[in-house]
């Protein structure tokens, strides 16, 4: 039971991070390798808001997420849109976006190293035990899971219960067909990329409440988000959430029962198993 609850808490946070990349890659067709740096930047923002202004990190999401939305909108418009316009096909866009965001990753990492240095940061927020089914868990982790569930549910309702959410999903399935039914594909892609960045930033703010972080660890979260997106099926929100939960449970089980040093091995083992059984991902569509 301890593994189940702890793994679910970790998986819930992973889900928010992966949902951001799911929107950016599944809708905007941008493989954003700077996704992890976006998360780490949100961690520092939450840290600063809490230590300098005494703003609750969960409430601070109301500041961090819109700021991340604006930042990612500007990145898309001025750095990614020219790549979209010149790409002759999806394959060329993916290669160009990988190279561009690879450079962006080092730019963001360098700026954070300049401002915050290479030290590890953490802060005490709701660092008190809560007893659940006979075991103690950190209240900050439980609150982070609750906030992640609310945000993920809000995203699901937006995508599947609103007119513009339906348009976003249409662009994800087929941009050319979406444009035939009067959907502004460039605007929808920019919105999806920016929303993805905001979701990742929200995940970073929640993660900072119980996780020690530094300026150079963004690549770890980028890789985990990428694994989750591929495992769940590119562009599928349900698959990303399920894959994130599976990853959180697998890492927690290995760390608790075998050795914490083998969590990365567990991540890639689970990834390979899913690809062998379902190459298109858990909820991915079979290629015709």
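All of the numbers you see were taken from the coordinates with simple rules; none came from a lab. Owing to the predicted nature of the structure, the values given are computational and were not obtained by experimental measurement. Because the Cβ atoms are built from the backbone with ideal geometry, glycine has one as well, and the counts that use them run over all protein chains shown.
In terms of the mean number of neighbouring beta-carbon atoms within 10 Å, the peptides 261-270, 166-175 order highest first as 166-175, 261-270. Rounded to the nearest 10 degrees, the inclination of helix 35-53 to the longest alpha-carbon principal axis of the chain is 50 degrees.
Each peptide in 54-67, 8-21 gets a packing score, the mean of other Cβ atoms within 10 Å over its residues, and the list from highest to lowest is 8-21, 54-67. If R0 equals 45 Å, the separation of the Cβ atoms of residue 95 and residue 150 corresponds to a calculated FRET efficiency of about 0.75. Helix 2-26 versus the longest principal axis of the chain: what angle, 0 to 90°, nearest 10, using Cα atoms? Between the helix axis and the principal axis of the chain, the angle is about 20 degrees. Helix 185-207 and the longest principal axis of the C-alpha atoms of the chain enclose an angle of approximately 10°.
Please report the spacing between the Cα centers of the range 51-84 and the range 157-234 in Å, no decimals. After rounding, the separation between the Cα centres reads 13 Å. Mean-square fluctuations from a GNM of the chain, with a 10 angstrom spring cutoff on Cα atoms, peak among 158, 213, 271 at 158. Looking at (i) 30, 22, 18; (ii) 54, 28, 14; (iii) 51, 21, 15, which value of semi-axes √(5λ) of the Cα gyration tensor in Å comes from a calculation on the structure shown? Evaluating semi-axes √(5λ) of the Cα gyration tensor in Å on these atoms matches (i). Of all the options 86, 141, 29, the one that moves most in a Gaussian network model of the chain with Cα springs shorter than 10 angstrom is 86. The label point for residue 158 and the one for residue 219, both projected 7 Å from the Cα toward the Cβ, are 3.1 nm apart. Taken over the range 22-156, the convex hull of the Cα atoms encloses 143 Å³ per residue. By the helix-only formula, in which each DSSP H run with n ≥ 4 contributes -39500 (n - 2.57) and the sum is divided by residues, the chain has a 222 nm mean residue ellipticity of -24500 deg cm²/dmol. Extending 7 Å from Cα along the Cβ direction at residue 177 and again at residue 275 yields two label points whose distance is 2.8 nm. The slack in the chain from residue 136 to residue 107, taken as 0.36 nm per residue of separation less the alpha-carbon distance, amounts to 6.4 nm.
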